[in-house]
Amino acid sequence: MSLKIEKLENSMAKLTIEVSAEDFEKAVEKAYQKNKNKISVPGFRKGKVPRAMVEKMYGKEVFFEDAANEIIPDAYENALNECEEDIVSAPKIDVVTLEAGKPFVFTAEVALKPEIKLGKYKGVKIDKIDTTVSDDEVNAVIERERENSARSIAVDRPVQAKDETIIDFEGFVDGVAFEGGKGENYPLTIGSGAFIPGFEDQLIGAKKGDEVEVKVTFPEDYHAEDLKGKEAVFKCKINEIKEKELPELDDDFAAEVSEYDTFDEYKAATVKSLQDKKLEDAKNQKEEAVIEAIIAASEINLPEAMVETEKRNMIQDFAQRIQSQGLTMEQYMQFTGMTADKLLEQVAPQAESRIKSRLVLEGVAKAENIEVSDEDFAAEIQRMADAYKMEVEKLNEIIDDNAKKQIKNDLAIQKAVEFVVSNAKEGK
């Protein structure tokens, strides 16, 4: 295999990769062996048709496409290993020469890591982030826990806001019942917003056993096309009315909802939890603000292919996350009305931000001669082993050189983050 590299504009490059005629012939033979059992020719048993006969009937090129598909991945991978350029995108492949007895030649157009002009990164000014925990925030957390611990008690009075009701209902449009508009013994909390706007309010004042007609108009953006903007009447019957009985804020409540014996201890722990979260959020916000300021002060021109690759990587990661929850991308698209193009457009800003963040931080690491020691690397491997519940020795065995290089790069970038944040100046 031979490789030629041609630099193009906008941090792009064209790799011309040539595979010997001998290796191409081997790939053609492999393609024939792979497909021969699918070929039927009168006078020959399936799988026994000579290659020469197949090529005579269908042309010498009959196996070329499969041979090319066989060669390209490995040849491109070998070219990457040989190439000293920093390639940061998936390749755009074009076949140049595909002929019998000749070397197989193809090109791969790729993005190279762009050169950036690093702006000011020391003493970056950012707004001070307030980490004060207010009494209202503490009380809101406790009140939510109180609501979660409330008991539902049946009451003999008309429906009020926040009541839990059990209802039967059936919906009609122009006097005709519509699909999906019927339910029996359905639990509905008044004011939850679970039903169409205006539905729940019309149940207020009704008593157990009452039958109520609720008149509503479906929103114009309603998910069912045949109901959008339509006026409907729901015939409802109130089967049960319950109200929440909130527990007293005392030591018994604290013991029930937490590991603490007294309400004062529980409240103090709530304050600390909120404070810890605010400090962690402030740390993340500070990092983001500093990095955004450095990006704004730097000159960065991203090749579109680099952004496109990052977008697709992000979508692939998202697909893997939802798949772990039992949902396919096809199902997600169906449920949300999203399309592949819309999804790519949606993640574009984040993809650009991710790339720019990494580039400026790599620039900081280079400018400040930030290095990752063997001790740093060993500590990270230990952390990963603990997270994966593996032995360090086993993890070291399965991590290849490229992965180790990536881990060291990530550690250097994290050190760069710590450096620029520690040198930032917080204003009012």
- [ ] Check I190, I153 and return the single one that is in contact (Cβ under 8 Å) with a residue 40 or more places away in the chain and either aliphatic (A, V, I, L, M) or surrounded by 14 or more Cβ atoms within 10 Å (Cβ to Cβ) (or both).
- [x] I153
TODO: Give the residues of the stretch 172-187 that are under 16 Å from K237 (Cα atoms) and open to solvent by 60 Å² or more (accessible area, probe 1.4 Å), sorted by residue number.
DONE: K182, E184, N185, Y186, P187
Open item on the list: Filter the stretch 396-428 down to the residues that are closer than 13 Å to E380 by Cα and outside any helix (DSSP H, G or I) and list them by number.
Closed with: I399
- [ ] From K26, K56, grab the single residue that is open to solvent by 80 Å² or more (accessible area, probe 1.4 Å), more than 30 Å from R354 (Cα to Cα), modelled with pLDDT of 90 or more and out of contact with any Gly (no Cβ under 6 Å at 6 or more places or on another chain).
- [x] K26
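Here is a check on your reading of the model: is A154 on the phi < 0 side of the Ramachandran plot, in contact with a strand residue (DSSP E or B) (Cβ under 8 Å, 6 or more places away or on another chain) and among the small types (G, A, S)?
Yes.
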- [ ] Please work out which one of (1) under 26 Å from I241 (Cβ atoms); (2) open to solvent by 40 Å² or more (accessible area, probe 1.4 Å); (3) in contact with a Lys or Arg (Cβ under 9 Å, 6 or more places away or on another chain); (4) hydrophobic (A, V, I, L, M, F, W, C) is the condition I116 fails and give its number.
- [x] (1)
TODO: Count, please, the residues in the stretch 386-424 that happen to be within 24 Å of the chain's Cα centre (by Cα) and hydrophobic (A, V, I, L, M, F, W, C).
DONE: 6
- [ ] Could you please find all residues in the stretch 174-194 being closer than 20 Å to K230 by Cα and in contact with a Leu (Cβ under 7 Å, 6 or more places away or on another chain)?
- [x] F178, A194
Task: Residue list for the stretch 157-171, restricted to those being open to solvent by less than 40 Å² (accessible area, probe 1.4 Å), in a strand (DSSP E or B) and of a type outside the set (A, V, I, L, M) - done: T165, F169, G171
Open item on the list: Please determine whether any residue of the stretch 143-161 is within 15 Å of K207 (Cα to Cα) and touching a helix residue (DSSP H, G or I) at 6+ places or on another chain (Cβ under 6 Å).
Closed with: yes
TODO: Looking only at the stretch 48-105, count how many residues are within 30 Å of M314 (Cα to Cα) and hydroxyl-bearing (S, T, Y).
DONE: 2
Task: Qualifying positions in the stretch 408-428 - touching a residue at least 60 places away in the same chain (Cβ under 8 Å) and either surrounded by 15 or more Cβ atoms within 10 Å (Cβ to Cβ) or over 14 Å from K125 (Cα atoms) (or both) - done: V417, V420, V421, A424
Open item on the list: If I go through the stretch 211-242 residue by residue, how many of them are surrounded by 14 or more Cβ atoms within 10 Å (Cβ to Cβ) and assigned to a loop (DSSP other than H, G, I, E, B)?
Closed with: 3
- [ ] Give I153, I126 a once-over and let me know the one that is β-branched (V, I, T) and under 34 Å from the mean Cα position of the chain (by Cα).
- [x] I126
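The values are calculated or read from the model by the stated rules, or taken from the named source; none is laboratory data. Being a predicted model, the structure only gives us computed values, none of them experimental. Cβ sites come from the backbone with ideal geometry, for glycine too, and all protein chains shown count toward neighbours. Protein only, heavy atoms only, side chains kept; ligands, DNA and RNA dropped before computing areas. Shrake-Rupley method; radii C 1.70, N 1.55, O 1.52, S 1.80 Å.
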